[in-house]
1. Among the DSSP beta bridges whose two residues both lie in the chain, what percent are antiparallel, rounded to the nearest 5?
2. What angle do you read, to the nearest 10 degrees and between 0 and 90, between the alpha-carbon axis of helix 12-27 and the longest principal axis of the chain?
3. May I have the extent of the alpha carbons of the range 81-195 along their three principal axes, as whole Å values ordered from largest to smallest?
4. Which is the longest part of the chain that has none of the trypsin sites (Lys or Arg not before Pro) sitting in a DSSP loop with at most 11 other Cβ atoms within 10 Å?
5. What does the charge count around SER131 come to, taking other residues whose C-beta lies under 14 Å from its C-beta (Lys +1, Arg +1, Asp -1, Glu -1)?
6. For the chain, modelled as a Gaussian network with Cα springs under 10 Å, which listed residue fluctuates most, LEU39, LEU102, LEU15?
7. Would you mind giving the average projected area, over all directions, of the Cα convex hull of the chain in nm² with one decimal?
8. Of ALA7, ILE135, GLY153, which is farthest along the charge dipole of the chain in the positive direction, counting Lys and Arg as +1 and Asp and Glu as -1 at C-beta?
Amino acid sequence: MDVRLAATGPVAEQLVRDGEAAVRARLGSRIFGTEEEELESVIIHSLTERKQTLALAESCTGGCIANRLTNVPGASAALLAGFVAYSNEAKQAFLGVRAATLQAHGAVSEAVAREMAEGARQQTVATYALSVTGIAGPSGGTPEKPVGTVFIGLAGPFATAIEHNFNPYDRETFKEVTAQQALDLLRRTALLKNL
C-alpha cells in the first residue's frame with residue numbers, strides 16, 4: 001500500500017508534516033520506505049550494511065523473489081543463491097527436505113517450508129534463508145489446503161520462523177503477493193530486530 005500526503009495553501013508544509021507524523025504513529029514498523037523506495041531495495045541495502053547474506057528456496061513463486069532482489073543494483077553483495085525447487089525431488093536433492101516430511105505433511109506445509117529454509121541456509125552458509133511453498137492454482141487445492149495456501153519460512157541465527165498465509169488470487173498476483181510477504185517477513189522478523 002502507498003500512502004501519499006498532499007496539501008495546498010499557506011500552511012501546506014505543516015499539514016503534510018503533521019499528517020506524516022500521524023501516519024507514522026499509526027503504522028509504525030509497517031512502513032518500510034519513503035518516496036519511491038521498494039521493499040527489495042530496503043532488504044538489499046540493509047543486508048549489505050550489516051554484512052549479512054541471504055539465500056532463497058522458492059517453489060510456488062518460481063524465482064519471483066530472486067528476480068525482484070536481483071533488480072537492485074549491488075544485490076550480489078547480499079544475495080548468495082536462489083533455488084527454484086518446484087518438484088518434490090528437487091526439494092529433496094538440493095535442499096535436504098526429507099522424504100518422510102513430504103509423505104507426512106505434503107509439499108505445501110509448515111514442515112516443508114521449515115526444511116526448505118534450513119536446507120538453503122545450510123547449503124549456502126547464508127545469514128538468512130527464505131523459503132516459500134504453496135498452491136498458486138487454479139487447480140491443485142484441497143478442502144484442507146485450498147488454492148492460495150502458502151507457507152513462508154525464514155531460517156537464521158534464531159529459531160526458524162514460519163508464516164502461513166492465504167492468497168486466493170490469480171497465479172501472477174499470487175506470486176507477487178507471496179514474494180512481498182516473504183521479503184516483509186525477513187524485514188520484520190530479522191532486520192528490524194537487528195538479529
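1. Details: 12 of 22 bridges.
Beta bridges within the chain, antiparallel portion: roughly 55 percent.
2. 30 degrees
3. Computed over the range 81-195, the largest-to-smallest principal extents equal 38, 30, 22 Å.
4. Values: sites that count: ARG4, LYS51, LYS193.
Longest run free of exposed loop sites: 52-192.
5. Taking every other residue near SER131 into account, the sum is -2.
6. LEU15
7. Working: hull surface 49.9 nm².
Projected area, direction-averaged: 12.5 nm².
8. Highest projection toward the positive end goes to GLY153.
The values are calculated or read from the model by the stated rules, or taken from the named source; none is laboratory data. If you're wondering where the values come from, they're calculated on a predicted model, not measured in any experiment. Every residue, glycine among them, receives a Cβ derived from its backbone with ideal geometry; neighbour counts consider all protein chains shown. All accessible areas refer to the heavy atoms of the entire protein, side chains included, with ligands and DNA or RNA removed. Shrake-Rupley method; radii C 1.70, N 1.55, O 1.52, S 1.80 Å.
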